[in-house]
1. Could you tell me which of the residues Asp64, Asp31, Asp45 is in a helix (DSSP H, G or I), modelled with pLDDT of 80 or more and among the charged types (D, E, K, R)?
2. Looking at (1) open to solvent by 70 Å² or more (accessible area, probe 1.4 Å); (2) within 23 Å of Thr74 (Cβ to Cβ), which is the only condition Met37 fails?
3. Just checking, which of Thr74, Thr25, Thr50 is exposed (fewer than 10 other Cβ atoms within 10 Å of the Cβ), in contact (Cβ under 8 Å) with a residue 40 or more places away in the chain and polar (S, T, N, Q)?
4. Regarding the stretch 10-26, can at least one residue be identified that is of a type in the set (D, E, K, R), within 18 Å of the chain's Cα centre (by Cα) and outside any loop (DSSP other than H, G, I, E, B)?
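The values are calculated or read from the model by the stated rules, or taken from the named source; none is laboratory data. The structure presented is a predicted model; accordingly, all values stated were derived computationally and were not measured. Here the Cβ positions follow ideal geometry from the backbone for every residue, glycine too, while neighbour counts run over all protein chains shown. Side chains are part of the model used for accessible areas, which takes the heavy atoms of the whole protein and leaves out ligands, DNA and RNA. Shrake-Rupley method; radii C 1.70, N 1.55, O 1.52, S 1.80 Å.
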Amino acid sequence: YHVGFSENLRKQSFMIPQDKLDAGTAILKFDVDIMKMFQGNTVIDLSELTSVVMKKADAHMVADNYAKMISLKTD
């Protein structure tokens, strides 16, 4: 799916625990829940949204969802 319109950029920020910062050489791990791209703020049914090059409104929906699929692991 092409969501390459510049207005679909979603900046992410993560709070890094202080103990990881104090370690000096922290290894950060992220969880990526790909299902949130389809079941996030808007449920996206691929059988209904069949175009790979998307209309701006459709691309915006996907972008809002994928912005929520990455999180910093806390272990």
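1. On the way: Asp31 fails: in a helix (DSSP H, G or I); Asp45 fails: in a helix (DSSP H, G or I).
Criteria check complete, one pass: Asp64.
2. (1)
3. Thr74 is the lone residue from the list that is exposed (fewer than 10 other Cβ atoms within 10 Å of the Cβ), in contact (Cβ under 8 Å) with a residue 40 or more places away in the chain and polar (S, T, N, Q).
4. no
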